[in-house]
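Working notes for the structure below.
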Amino acid sequence: MKRRIERVELRRIGLPLVAPFRTSFGSQTERDILLVRVELASDDGDLVEGWGECTALSEPSYSPEYVDGAQHVIEHHLLPRLFAAGPIEAADVGPTLSHMHGHPMAKAALEMAVLDAQLRANNQSFAEFLGAENTRIPVGVSVGIHDTIDDLLSTVQGYVDDGYVRIKLKIEPGSDIEHVAAVRDLIGANKPLQVDANTAYRRTDGSHLRRLDDYDLLLIEQPLPEEDIIGHARLADEVETPICLDESLVSAAGTADAIELGACEIANIKPGRVGGYLEAVRIHDLCVSKGVPVWCGGMLETGIGRAANAGLAALPGFTLPGDISASTRFYSQDIVTDPITIDDGHVTVPTTPGLGFEIDTTFLDSVTTGTEVIESD
Ligand code: OSB
Ligand code: MG
């Protein structure tokens, strides 16, 4: 059954990180997050609520989107079109907004809220909706760049003790080979290890990056700028370690091209980056058909996005551990009553109706920095 969007709440929250998180594009100490709460009404007047989380960061440092811009485009360009569309379901959100170029994270947050509401109304879990049968999924952790190798090793040891089944190290020129060598030495030959450069290298760095082949890495994530598909294809020929794309993949069509060109040996799927969970599923299906392994990336999500990512990663093509760490890896307290925890390196796939979380309204209110309400007329 399709439902009208009656009312939308755009809520901004501020959450401090338990420790600074440094990548090649900058250091973060807190998250300023946009949440979307929708109220959908059926023809008989029944109301159901749903929540979405926008993955845009405060600045356009990872992708062109940023949280103030996402809120602006939602209010002024996306919501008016969704209100005008009348009764819809999650699958209608993308097509309704397709004339608006870009802004995948803003679009994804809206689709996500509608999907959560629709699943709650249908008393269905996200994994059930997807037909995903895995009930527990192995997960890894993303480790920021550290100034000293000693500090890095003590952080990594903590995560190994927490049980994460694979470690991902953020790297950049000057903090790469030695850091990887020291961590490989610490964790031993059998623990899965991978690196993420967030576009910090150039085409001419092939012989340098080839040195990473000595450390038996699962993959090198996004070494080159996002537009440089041919550069990644050449690097894939030069380096033995598989090349994985993150920032470069913004749609199923673009992913198909990158695979065909030999630039994408493994895919990091982030629902926000590709415009929503439904496009994420299409990319998963494409990669399965092409024999390309996929894994679920993260954007320092709260319990809302973390629960949904765990549902997505229960699909069978997600054969590599995702960046779906416990909520406590980033936040001392989460805005949901049932935050993601890890048990023996695994996360339990949520089975409750909706995307799989309940909001802790008291805590949510205490970290809310602003609320904007938009009603359909
Ligand atoms: O490149 O995967 C990335 C966080 C913010 C922006 C980009 C990235 C990341 C991470 C953290 O690596 C993943 C997580 O949420 O655990
Ligand atoms: Mg990445």
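A simple spin-label model places pseudo-atoms 7 Å from Cα toward Cβ; at R7 and A41 they are separated by 1.0 nm. Bridges between two residues of the chain, per DSSP, are antiparallel at a rate of about 65%.
Calculated on the Cα set of the stretch 133-228, radius of gyration then Dmax: 13.7, 44 Å.
Within the straight-line cut-off of under 15 Å between alpha carbons, the aspartates and glutamates reachable from K2 are E39, D43, D44, D46, E49, E89, D92, E111, D116, sequence neighbours fewer than 8 places apart in one chain being disregarded. Averaged over its residues, the chain has an accessible area of 39 Å² per residue, based on protein heavy atoms and a 1.4 Å probe. Here each label is just a point 7 Å from Cα along the line to Cβ, and for S376 and A182 those points are 5.6 nm apart. Along each principal axis, taking the top coordinate minus the bottom one, the Cα set of the chain gives 64, 41, 37 Å in descending order.
Ignoring ligands, DNA and RNA, what percent of the accessible area of the stretch 127-348 is carbon or sulfur (1.4 Å)? Display every interim value, and only then the final one.
Working: 3840 of 8270 Å².
Of the solvent-accessible surface of the stretch 127-348, carbon and sulfur hold 46 percent.
Size of the stretch 299-348: Rg and Dmax of its alpha carbons, in Å, are 10.5, 32. Full extension of the segment from E128 to Y215, taken as 0.36 nm per residue of separation minus the current Cα-Cα distance, would add 27.4 nm.
The long axis of helix 149-162 is offset from the longest Cα principal axis of the chain by roughly 50 degrees. Where the centroid of each part is defined by its Cα atoms, how far is the stretch 284-319 from the stretch 1-53 in Å? Using only Cα atoms, the two centres lie 19 Å from each other. The angle between the Cα long axis of helix 303-312 and the main principal axis of the chain comes to about 70°, on a 0 to 90 degree scale. Annotation: amide H-H contacts under 5 Å for L245 (H modelled 1.01 Å from N, sequence separation of 5 or more, or interchain): Q222, E265, I266, N268. The distance between label points at A19 and I230 comes to 4.2 nm (points 7 Å beyond Cα on the Cα→Cβ vector). Between 0 and 90 degrees, the angle of helix 104-121 with respect to the longest Cα principal axis of the chain falls at about 60 degrees. Separation of the stretch 112-169 and the stretch 328-377, taken as the distance between their Cα centroids, equals 14 angstrom.
Under 5 Å between amide hydrogens, built in the peptide plane, is the criterion, and for R31 it picks out L15, L17 among residues at least 5 positions away or on other chains.
The values are calculated or read from the model by the stated rules, or taken from the named source; none is laboratory data. Note that this is a predicted model, so its numbers are computed, not measured. A quick note on method: Cβ atoms are made from the backbone with ideal geometry, for glycine too, and the neighbour counts reach across all protein chains shown. Remember, those area values only see protein heavy atoms, side chains included, never the ligands or the DNA or RNA. Shrake-Rupley method; radii C 1.70, N 1.55, O 1.52, S 1.80 Å.
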